[in-house]
Amino acid sequence: MEKKSKLSILTNGFVKENPVLVLVLGTCPTLAVTTSVVNGVGMGISAMAVLICSNIVISLLRNIIPDKVRIPCYIVVIAGFVTVVQLLLQAYVPALYSSLGLFIPLIVVNCIILGRAEAFANKNSVIDSALDGIGMGIGFTFALFLMGSMREILGSGTWLGFHVLDKFIPGMGIFNLAPGGFFAFATIMALVAYCTRDKSKIKHEVEPGLPADAEEQKGEVA
């Protein structure tokens, strides 16, 4: 298997393998907490802190943890860091802690964190695992920031609490509800897929040679 560079590991989660917009992981907190930018970014930073710390510890213990019980061990490690983050939020950012509510302890079973522990941290060095955690965490936070911005602006007419829409469109309050979350999620995913599409493959499909109709006509003439 080709070894990735440090920069590639760090930037892989930004767009190319964004955990939310490309790999479609962690959609539950993504849809639930992105009714505002503050909540989305708060959840993203919290998950990123847990992801980085758990990746480092799991990488350090990868040769010690028995293979048969690795998943329970991952959950114990992740739960320890989630508890630390939860207590810090409760102590220093009580308003954000109240807004996020149950979704803070649910970071323990976030597919992104468990997935990176199993797919990357368990097989790579501490430095690479830390970089992977940072990259995936930034990608997750960025996705939540985009969704939170879209839903807050369209659903409430505000951004970061500041009024930005002078003429609020009636009916757009749906973006504060679950259906609006799905619509925003699908829209941003479609834009990312469009911007990152492989243009060389598209050109090859559009211009493969003779059109199908021309080939059929050529066969009939022969």
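A few notes on this one:
- Kyte-Doolittle mean at least 1.6, axial Cα span of 20 Å or more - DSSP H helices of the chain: 37-60, 70-92, 178-195
- Only protein atoms count toward the accessible area here, which uses a 1.4 Å probe; on the chain, the carbon and sulfur part of that area reaches 69 percent.
- Of the peptides 37-46, 97-106, the order by per-residue mean of other Cβ atoms within 10 Å, starting with the highest, comes out as 37-46, 97-106.
- FRET efficiency, L87 to V109 (Cβ-Cβ, R0 22 Å, nearest 0.05): 0.70
- Built amide H within the under 5 Å cut-off of N18, gap 5+: L23
- Placing R0 at 25 angstrom, the Cβ-Cβ distance between A190 and S5 gives a FRET efficiency of 0.25 after rounding to 0.05.
- Close amide-amide hydrogen proximity is noted between G26 and C111, I112, each under 5 Å apart and 5 or more residues distant or on a separate chain (H modeled in the peptide plane; Pro and chain starts excluded).
- Sequence-distant residues sharing a close amide H with W159 (under 5 Å, placed H): V164
- Among 76-85, 179-188, 136-145, sorting by the average number of other beta carbon atoms lying within 10 angstrom of each residue, highest first, gives 136-145, 76-85, 179-188.
- V57, V20, reordered so the largest accessible area comes first (probe 1.4 Å): V57, V20
The values are calculated or read from the model by the stated rules, or taken from the named source; none is laboratory data. Computed from a predicted structure; not experimentally measured. Note that we place each Cβ from the backbone using ideal geometry, even for glycine, and neighbour counts take in every protein chain shown. Areas reflect the complete protein model, heavy atoms only, side chains present, ligands, DNA and RNA absent. Shrake-Rupley method; radii C 1.70, N 1.55, O 1.52, S 1.80 Å.
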